[in-house]
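Each remark here refers to the structure printed beneath this line.
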Amino acid sequence: MQIPPFALERYFGKYEFSAPHMLSAADCETWSAGEIFAMEEGSLDAFCGMRFTYTEPQGDPALRDEISALSGDIGPDRCVVFAGAEEAIFLTMHALLSPGDHVIVLSPAYQSLHEIARHIGADVSYWQMHEEDGWRPDMAELWSLIRADTRCIVINTPHNPTGFHFSAAELDELIGIAEEKGIWLFSDEVYRFGEYRSSALLPSVASWYEKGISVGVMSKSFGLAGLRLGWVATQNTDLINRLLAWKDYTTICTSAPAEFLSTLALRHREEIVTRNRQIINENRGLLKAFFARHPTVFTCQDPMAGPVCFPRYLGEQGAEAFCDMLIRETGVILLPETVFGSGDEHIRFGFGRRDMVPSLAVLEEYLVKNGC
């Protein structure tokens, strides 16, 4: 059975590396190799002396030490390194699910969070988020979706594309529901550390619940997408073993240079997160002012965390038609709701990069020129 095309990736594939103005990026401002090496004396010499041998299938122990530290110190043996978050999601779904299992997915969602489960043969139900309530999902609705055969609940917090973020009390309630029913809680945490205040950082689900699974990545809040490195953290050693068995059929191990640089970056994560949080907060203010100047075109629930938001487009045409027209006429890339499979009324904006400012200026010039 052929898996359906990944709508978001195919949409970006058409434009991301050719259109001049990216206004929908979900990753933060990137770093150069020189900037990363400058964080630690002697690191460049150590890198140049490294041999490009195979790495350990589970990931370099020093890297897993760092991943464990940011995952509640659950232990390096409870962490597995992957070639990006996408491999982590793909293999975890295969290690965890069987045909006929029932899965509940917070929606809207990144396509792989539900499509892979469906491709395996699981029955997928959608736990809908509510725009009128700041995109907050209803716990009572979650209860109504749970069945005797529910195997897993899939969440993403901070959330892509809405910018919603569970509070500690809400996540505690959600874990309590999963624990009461013996359900796995799969938590996509790739935007973790993108909170607007450090006090809003939640513990990883893996550290909070024995059947919790946390997925992280270097791409989003850390701004190091080119390293193509992600991970899974979980307390369940049986799942760790199944993940490693599946990984033997894909990448086997990850890139030695990527592991070295990721380890170095995570040792200095406070510096990385502080800079990227500053960019996010500055751009968030500019974007909020932009929406206020164009109330007949967009209305936006304030995001709570992360570098993306999901305003409603108020024009007569659909969101996808507007985005397609905008790319043709201005070179500005925005991401329509259709790529999330949940409608055609919203558009994802990204504000984690410095290039948001000139891209937003191009969009605003276009709107003003057209009387919006």
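Computed from the coordinates by the stated procedures, all read-outs in this text should not be read as laboratory data. What you see is a predicted model; the values in this text were computed from it and never measured. Positions of Cβ are backbone-derived with ideal geometry, glycine not excepted, and every protein chain shown enters the neighbour counts.
Here the simple spin-label model places points 7 Å from the Cα toward Cβ, and for residue 128 and residue 2 these points are separated by 3.1 nm.
Could you pull out every one of the lysines with an alpha carbon less than 25 Å from that of residue 181, ignoring same-chain neighbours closer than 8 positions? Partners found: 211.
The separation of the stretch 296-366 from the stretch 6-28, counted between C-alpha centres, amounts to 12 Å. Using θ = phi - 60° in the Karplus curve 6.51 cos²θ - 1.76 cosθ + 1.60, the 3J(HN,Hα) couplings for the stretch 242-255 round to 5, 4, 5, 5, 5, 5, 4, 9, 10, 8, 6, 8, 9, 5 Hz; x is entered for Gly and Pro. Only helices enter the 222 nm calculation for the chain: every DSSP H run of n ≥ 4 contributes -39,500 (n - 2.57), and dividing by all residues gives -12000 deg cm²/dmol, rounded to 500. In the stretch 53-268, Rg over Rh equals 0.95, where Rg is the alpha-carbon radius of gyration and Rh the Kirkwood radius from pairwise Cα distances. Taking label positions 7 Å along the Cα-Cβ direction at both residue 147 and residue 33, the computed distance is 5.1 nm, reported to one decimal. Test of the criteria: in the stretch 30-102, which chymotrypsin sites (Phe, Trp or Tyr not before Pro) are in a DSSP loop and have at most 12 other Cβ atoms within 10 angstrom of their Cβ? Within the stretch 30-102, the qualifying chymotrypsin sites (Phe, Trp or Tyr not before Pro) (loop, at most 12 other Cβ atoms within 10 Å) are 52, 54.
Within a straight-line Cα-Cα reach of under 23 Å, residue 369 can be paired with the following lysines, leaving aside sequence neighbours fewer than 8 residues apart in one chain: 288.
Among (1) 145; (2) 136; (3) 159, which one is volume of the Cα convex hull per residue in Å³ computed from these coordinates? Derived directly from the coordinates: (2).
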